Structure formats: C-alpha cells, structure tokens
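Each remark here refers to the structure printed beneath this line.
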Amino acid sequence: MTTISQKSTISNSESIILLCKKNCDFNNYGLSKAEIDFIKNEITKKEKFFISINQLNRFVFIQVIDDKKEKTQTWESLRKAANSVHLLIVENKIENITVVDAENNPSEVLAFTEGLALSNYQFLKYKKEKKKEIHSLKAILIVGKNISKSVIDELNIVVEATCIARTLVNEPVSFLTATQFSKEFQKLGKEAGFSVEVFDKSKIKALKMGGLMAVNAGSIDPPTFTIMEYKPKNAKNKQPIVLIGKGVVYDTGGLSLKPTPNSMDMMKCDMAGGAAVGGTLYAIAKAKLSVHVIGIVPATDNRPGGNAFAPGDIITMHNGLTVEMVNSDAEGRMILGDALSYVQKYKPQLVIDLATLTGAAIAAIGTSGIVAMGTADEKTKNELKQSGNNVFERLAEMPFWDDYDELIKSDIADMKNLGGPNAGSITAGKFLARYIDYPWMHLDIAGPAFLTTKDTYRIKGGTGVGVRLLFDFLKNISH
Ligand code: BES
Ligand code: ZN
Ligand code: ZN
C-alpha cells in the first residue's frame, strides 16, 4: 500500500511534482535560473504539459494542468498523467514523492494523487521472484494549503478500498471459493467496523433461494450469502440503502459451457460486483459516513458437475416466481433475483446492484463505462451519473421500455433466464426487475471490471470499479 500524507515544507533534496497552470512562478523550488528558463520555454514554445528535470540527487517533475471543458475531464486527464509519471518514478526507483499544489488547485492535486496511488497497485502474492518487480514508490506526500487532513484520510481510504476490491477480483477460484469470499468480508468488517453475517448452504436452502441453489448444484463447494451492515447512529437516511453484488467466484457457464476456450479465461472476475460491495462497505465504515448501508453478496461458482441443473429445468425463486432456466451461463440473474427478493424485507430507500452480468454490456459500450438501468427516480439517477463523472466510472443508461419484457416470457414458467439475440444487457435487467418492489438501479460492470490489456491508472486485471463510484454517491447522501 502506498501511504498518502500531508506536510508543510519542501526541501531541495527530495523529488517533487509541481502541479500548476502555464504561468506558474517556478522560484522557491530549488530550480536554477537556467532550469526555470528551460521549463518556461518547454511550456510556452513547445506547448508541453509535462517536463522532467533530473537534478542528479532528485527529480523535479512539472505537470501543467490542462483545463478541459468540464472539471471532471480535467481530473481524469490528471489521473492519467499521474500514471505516466508513475512509470518514471518506478524506472528511477524513487521511494518518496512530494506532490505540490503550486497554485491552489486542490481538487486537481487530489485527482492526480489518486491516479498515482492507484497506479502503484500490484498483485504479487503468487510471485516467488517478486523482489525486482515491486514498485519502488512507498509514500506520497502532499504539500498544499487548501488540502485538509480529512480529505487526505478519505483519499487513502478510497484508494485502499479500491485495491482491496482489485485483489479479491485478481484472486483465482483455487483460493477464493464462495466460503473464502465470505471470510474475506468478515475480515473487512472487523477491520473497518461493520457487521457481517454469513448464511450457509442449509440456511440458503431453508430460505428457498432457488436461484442460488440451482447455480450451485453442479459445484462441489457450497454457496454462501453474505449480509454486511453499516449503521451509524447519525445516519441521514431512515430506510437503508442496499448494495447487492454478484458473487460468482468462477463462471464456466455450467452445462451450457462457455463456447470458446478463451471466453472462460477471465471468469475469476465474475465476483467483481461482490468485491465492489465489500470494498464500498469497508470505505464508508472507515470514513465513518453518516449513512445506513446494507451490502449483500450471494456467492457460488458455476460449474457443470454431477448434479448441475440442466438447461430446461424449472426453478422456483425466493419470491415464489418460476424460471425456465434455458441457459446455465445466464447464472448471474438467478442468484441476483434471489438477493433482490430477499432485501424487500428491509423496505430500502434504494437498491443498487453491481454485476458482471452480460457480454452484451461489453458489446454495447466496451470497457469505458458501466451499463446502467433501473426504476429509481430521475434525481437519484442524475446523482449517480454525476458521481460516475466525478470519479470517471461513467454510467451509460439504457432504455428500459416495456417491449423488452416480452423477450423473457416463457411458455411454461413465469419467465425464462434468456432473452433474444439483441439487447442482452437490457433483457437481463428486465429479468432482475421481476424481483423488486423498491426504487432500484442495476449496474452491469462486465466491461470495466477486468481489463485484459494495458490501461492507465485502472491497470490491467481487476480494476475495483464501483468502489469509488459508490463512495462518492454515498458521501453526497451522508451530508
Ligand atoms: N459472467 C458472464 C458475463 C461476462 C462476460 C462477464 C464477459 C465479464 C466478461 C455471464 O454470466 C454470462 O455468461 N452471460 C451470458 C448470458 C447469455 C448466456 C444470455 C453472456 O453474456 O454471454
Ligand atoms: Zn455466465
Ligand atoms: Zn457470470
């Protein structure tokens, strides 16, 4: 973990990054006149936004803030810029770096620092030869008059929670079974201060969670159903906000086995929604937000073992509705349906589910954002979208017209778990809508949850998507 902390003075022997606009005053940072002239020339004549000065005993990096049309875009450009600086930091084995708010741009400095800290994440648990690979960067220090300790504390928490979610996603199923996943939530609850209850297989069966039991039927490992609750005395909301995360710890497709070998390669990521929910509970509890939140994660692997339910089987769900299960690879909606039905008992103010639910979501918008839909009011939708823009985990809202309901009708059951060839992410959402009686948003994170190619500060592998989004959203509710 990279620690981010605050200090008030800068010495001439430490590596620094100056964040400033074009006409910054570069005196007082230990730069010679020749160096300052060089920097100014680079900025004005060559229109450069990044300059690196190697003073032999230290580096001075200058990052010019490039103001975009929207603040949120400027912040994102700085998170990305930080990722490039991170490469230089690692290359030069720099251990401590001081980020300087040279001209009073606190939100820009925080975005940059966030990008830097998130870039420093690594998953090296399974590398024996990791010495050479460990990033040199240990500590980020911030110098800025208008950046408070509490804001820095919060940034530390959010970065840590995002990295916790990343690690859970990166863990293979050989370690992260449903049982282990629940244990991880228990650890997080102890550390951050929220309660965790885990239902085992017999309890899940007794509760008649037919969807979760069905998906688990082909597996050797038992399912779990985890309930996390953070309820501070000063909560602003009367009724809880419920977060539900898909927790398929591995998705082979079941008997409807995934069609091409490589379509299974990244399926350890199919619990990324659950990881985001755990990470979010961790963050809000640590930051002591004044908001009552319940986190729910139904978890199992999806395998074609001996008793695996066969395509065509009819399953009775937690709310009593029946599903013709045409395709065992559309398993996410089965376990989420039960969870959505179960949480009706809380009379929630709002429910948000996060799930790596459909390949169709990736086909629609790629890895750039989250496919969103739901029944919440416009105000709530707009607040969630605004949070998405703030942290750049953006939402693309799909239509949720009645037409799509037709596509999941079954001749012999109340619905089927498969739509037609088109609008796959929406028909999946329509399936989920049959289990709600409260305002609800569905976030399909199949695109951004796990990246298979090099990226910027989101980095390759599990991204922890959802944690920063939900933290921002809940923070706004808490004050
Ligand atoms: N877990 C997958 C969706 C997925 C695909 C997530 C790629 C991340 C990356 C989901 O359970 C699934 O298999 N969905 C099927 C649904 C289909 C059978 C209706 C899909 O999208 O192909
Ligand atoms: Zn599947
Ligand atoms: Zn899945």
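The values are calculated or read from the model by the stated rules, or taken from the named source; none is laboratory data. Given the structure is predicted, the values throughout are model-derived calculations rather than measurements. Neighbour counts are summed over all protein chains in view; Cβ atoms, including those assigned to glycine, are modelled from backbone coordinates with ideal geometry.
Summary of computed values
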read-out	value
Residue within the stretch 276-290 that is away from ligand 3 (no atom under 16 Å from the Cβ), crowded, with 24+ Cβ neighbours inside 10 Å, among the hydrophobic types (A, V, I, L, M, F, W, C) and within 28 Å of Lys409 (Cβ to Cβ) present	no
Count of residues meeting criterion [under 19 Å from Glu103 (Cα atoms) and out of contact with any strand residue (DSSP E or B) (no Cβ under 7 Å at 6 or more places or on another chain)] in the stretch 25-36	6
Meets criteria (polar (S, T, N, Q) and touching a helix residue (DSSP H, G or I) at 6+ places or on another chain (Cβ under 7 Å)) for Ser174	no
All positions within the stretch 349-382 that are buried (at least 23 other Cβ atoms within 10 Å of the Cβ), farther than 20 Å from Ala275 by Cα and out of contact with any Gly (no Cβ under 6 Å at 6 or more places or on another chain)	Gly374
Tally of residues being in contact with a Pro (Cβ under 7 Å, 6 or more places away or on another chain), of a type outside the set (Phe, Trp, Tyr) and closer than 21 Å to Pro348 by Cβ across the stretch 205-235	1
Pairs where the first residue, in the stretch 122-137, is assigned to a loop (DSSP other than H, G, I, E, B) and the second is among the acidic types (Asp, Glu), C-beta under 6 Å, 6+ apart	Ser136/Glu95
Answer residue from the stretch 437-479, given it is part of a helix (DSSP H, G or I) and polar (S, T, N, Q) and is nearest to the chain's Cα centre (by Cα) among those	Asn476
Within the stretch 336-350, tally of residues that are aliphatic (A, V, I, L, M) and over 14 Å from Ile227 (Cα atoms)	1
Yes/no for Ile362 being more than 15 Å from ligand 3 (Cβ to nearest atom), at pLDDT 95 or above and either of a type in the set (A, V, I, L, M, F, W, C) or under 27 Å from Ser263 (Cβ atoms) (or both)	no
Positions within the stretch 70-104 being among the hydrophobic types (A, V, I, L, M, F, W, C) and either under 26 Å from the mean Cα position of the chain (by Cα) or under 30 Å from Lys132 (Cβ atoms) (or both), in sequence order	Trp75, Leu78, Ala81, Ala82, Val85, Leu87, Leu88, Ile89, Val90, Ile94, Ile97, Val99
Qualifying position, being among the acidic types (Asp, Glu) and within 16 Å of ligand 1 (Cβ to nearest atom), among Asp265, Asp221	Asp265
Filter result for the condition that a residue is hydrophobic (A, V, I, L, M, F, W, C) and either crowded, with 24+ Cβ neighbours inside 10 Å or under 17 Å from the mean Cα position of the chain (by Cα) (or both), over Val293, Val198	Val293
Residue within the stretch 6-20 that is in contact with a Leu (Cβ under 7 Å, 6 or more places away or on another chain) and exposed (fewer than 14 other Cβ atoms within 10 Å of the Cβ) present	yes
Verdict on Ile436 being modelled with pLDDT of 95 or more, out of contact with any Lys or Arg (no Cβ under 8 Å at 6 or more places or on another chain), within 21 Å of Pro240 (Cα to Cα) and surrounded by fewer than 24 Cβ atoms within 10 Å (Cβ to Cβ)	yes
Pick from the stretch 258-268, criterion modelled with pLDDT of 95 or more and more than 10 Å from ligand 2 (Cβ to nearest atom), ranking: surrounded by the fewest Cβ atoms within 10 Å (Cβ to Cβ)	Met266
Conditions (1) under 13 Å from Ile4 (Cα atoms); (2) among the small types (Gly, Ala, Ser); (3) touching a residue at least 24 places away in the same chain (Cβ under 8 Å): number failed by Ser148	(3)
Scope the stretch 225-252; condition away from ligand 1 (no atom under 16 Å from the Cβ), more than 18 Å from the chain's Cα centre (by Cα) and surrounded by 24 or more Cβ atoms within 10 Å (Cβ to Cβ); matching residues	Phe225, Thr226, Tyr230
Residues (polar (S, T, N, Q) and either within 24 Å of Leu289 (Cα to Cα) or in contact with a strand residue (DSSP E or B) (Cβ under 8 Å, 6 or more places away or on another chain) (or both)) located in the stretch 236-263	Asn237, Gln239, Thr252
